[in-house]
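The values are calculated or read from the model by the stated rules, or taken from the named source; none is laboratory data. Note that the structure is predicted; figures quoted are calculated from it, not measured. Note that each Cβ is placed from the backbone with ideal geometry, even for glycine, and that neighbours are counted across all protein chains shown. Only protein heavy atoms, including side chains, enter the accessible area calculation; ligands, DNA and RNA are left aside. Shrake-Rupley method; radii C 1.70, N 1.55, O 1.52, S 1.80 Å.
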Amino acid sequence: MNYKVKGVIASISNKKALDNGAIVLDYVVNHTSENGYVTPYNFNVYKSKEYVDQIEKFLEYNSIGDNVEVEFTIRGREFNDKVYNSLSHWRVEKIDSNNNVKESKEEVADLPF
């Protein structure tokens, strides 16, 4: 099941290279509710060595202070009789000041008709 949250990027960690060639990146998005309470969400991005370029694209297009909408799943795992949960990032899109997702800008080739 996928979830979405809108907020402001509060921090972005340094990339961490794993022994298997994968890259891990964490970032925090602060969501402010209607009554003014701020809830920080820590998202985890894990990309295998075939997809590490996606981490570079994330870092190129996103920075601290950006308003974003993040689509994510909740993952859980058990270790030493305890359950640990993480928010696994699937997609992030910038939003405008009215909380609307910005249209992606793609160049379209001239069509023959």
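Rounded to the nearest 10 Å², what accessible area does residue 64 have for a 1.4 Å probe in the complete protein model?
Surface open to solvent at residue 64 totals about 110 Å².
If a/c stays under 1.5 just call it rounded; otherwise compare a/b with b/c (prolate if a/b is bigger, oblate if not). Do that for segment 1-90, with a ≥ b ≥ c from the square roots of the Cα gyration tensor eigenvalues.
oblate
Take the solvent-accessible surface of the protein heavy atoms, probe 1.4 Å, and return the percent of it on segment 35-94 that carbon and sulfur atoms account for.
Carbon-and-sulfur percentage of accessible area, whole number: 49.
If you place +1 on the Cβ of every Lys and Arg and -1 on the Cβ of every Asp and Glu, how big does the dipole about the Cα centre of segment 15-78 come out, in debye to the nearest 20?
Using Cβ point charges on Lys, Arg, Asp and Glu, segment 15-78 gives about 240 debye.
What does the C-alpha gyration tensor say about the overall shape of segment 27-76? Classify as rounded when a/c is under 1.5, otherwise prolate if a/b is larger than b/c, or oblate.
Note, shape of segment 27-76 comes out oblate.
Among 15/82; 49/82; 6/49; 47/94, which pairs are too far apart, with a Cα-Cα distance over 25 Å?
Violating the 25 Å Cα-Cα cut-off are 15/82; 49/82; 6/49.
Would any residue of segment 33-48 have its amide N under 19 Å from a label point 7 Å out along Cα→Cβ of residue 13? List them or say none.
Label zone hits: 40-48.
Provide the per residue accessible area, probe 1.4 Å, for segment 4-74, rounded to a whole number of square angstrom.
61 Å²
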